[in-house]
1. Please order F289, F310, F66 by the number of other Cβ within 10 Å, starting at the fewest.
2. What does the net charge come to around Y110 if you take all other residues with beta carbon closer than 11 Å to its beta carbon, with K and R at +1 and D and E at -1?
3. Output the 0 to 90 degree angle, nearest 10, between the alpha-carbon long axis of helix 2-20 and the longest principal axis computed from the alpha carbons of the chain.
4. Taking the chain as a Gaussian network, where each spring joins two C-alpha atoms under 10 Å apart, which residue of S241, S355, S342 fluctuates the most?
5. If I measure Cβ to Cβ between cysteines in the chain, which ones have no partner under 4.7 Å?
6. At 7 Å along the Cα-to-beta-carbon direction for both D26 and S257, put a label point, then send me their distance in nm to one decimal.
7. Are there any GluC sites (Glu not before Pro) in the stretch 42-106 that are in a DSSP loop and have at most 11 other Cβ atoms within 10 Å? List them by number.
8. Cα centroid distance between the stretch 85-148 and the stretch 155-179, in Å?
Amino acid sequence: MLGQSSVRVVLLAVAVGLYLIPSPIDPEPYIFEGPPPALDGPLAVNTRLQRGRRLFSGRLKGPESFTADQSGNIYTGTVDGKLWRINKESLTFITQMGQNVPECGTCMDYEPVCGRPHGLRLDRDGQLIVADSYQGLFKVDPWTGEKTLLHSSKEGADGIPFGFLNGLEISKNGTVFFTDSSSKWGRRHVRYEVLETNQLGRLLSYDPLTGDVRTLLDSLYMPNGFAFSPDEDFLLLAETSIGHIIKFWLKGPKAGSKETVLNNMIGYPDNIRLSDRGTFLVGITTVRFHGRLFPPFLDLIGPYPALKRFIVKLIPLSWYNVLLPKYGLVLELGPDGEVIDSLHDPTGSLTWAVSDVFQQGAHYYLGSTDLPFLPVLEEWS
């Protein structure tokens, strides 16, 4: 009896201790519009995403986003803060965004030191414009590696520093559009950002002629990747933490307004890219499926801020990746956000946690935030 009493006292002390520890997050309740959509019609399960191959295994960790020049060279950035040029099956180092220390790529705690390039595009002069998640907007010569800081994250916009630079696109007139996913949580604390489900993200623009930065949209739920329509009259933008895609009008009578075109998604969207068919390709970073016994995790805990606060005190950030399903999913959307096709890898045999779907000719390069290889589809089958 004495032993059982001691165990109870210890468990009670642990519970009280956990309760009294301050939580790093301050969440609001969030309730999804309903259960995830059924896996039928254009969302029907298939194995089409398995018909590819992996390149640079063990050499390229977390190629998150891509761009290409007119000669067919592809550029990407990785979790160790490096920029790379890919030509067919050769890989060439361009530059390090931050400091090149031995710990780069081994732990997310070193990312503010090493840098973490996310969105990147080539401007009209053939220079890479790069959104480093921690440091700011850069211009990088893709052949010499020379870097120029265009706008620092510390400077930010409207008196608010950037916390998590993410997606980036360049319009036809040279204006750089980019997202700051959170003014509170950096890339290395992305799990906190998702669990907190706050509205601290922004869509912004940078004028390369004047250096002016403007806030185009604020109060967004973890704005991530986005893509212009073919005529650049609107863009589609992913709000990752709530499984939304919004349309933001750039021209016409609705210019400056936004509308939700896809909600209650089957997963959490990352980057959005325009295909040569005029459709939008969306990488799904984590699927949102109904389990055998329980609803999806974020659906289940979303209405309960106190539960969220307790969970982040109980589960270390490094454990969350283990809990995520290895299920690869890519969506193809029409201009109004309607799902017209999907590619699945139910077992993760080629990839999972897809961050980007970049078409280059007949090939599709599939990004990720952390996986140590580059998956490539050789056709949209």
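Bear in mind these aren't lab numbers, they're just calculated from the coordinates by the rules spelled out. Please read these numbers as outputs of a predicted model, since none were measured by experiment. Methodologically, a virtual Cβ is constructed for each residue, glycine included, from the backbone with ideal geometry; neighbour enumeration extends over all protein chains shown.
1. So the residues, fewest neighbours to most, are F289, F310, F66.
2. So the environment of Y110 carries a net charge of -2.
3. 40 degrees
4. So, out of S241, S355, S342, the one fluctuating most is S342.
5. Cysteines lacking a close Cβ partner in the chain: C107.
6. Roughly 3.4 nm, to one decimal.
7. Working: sites: E64, E89, E103; in loops: E64, E89, E103.
Sites meeting the loop and neighbour criteria: E89.
8. If you average the Cα positions of each part, the centres end up 16 Å apart.
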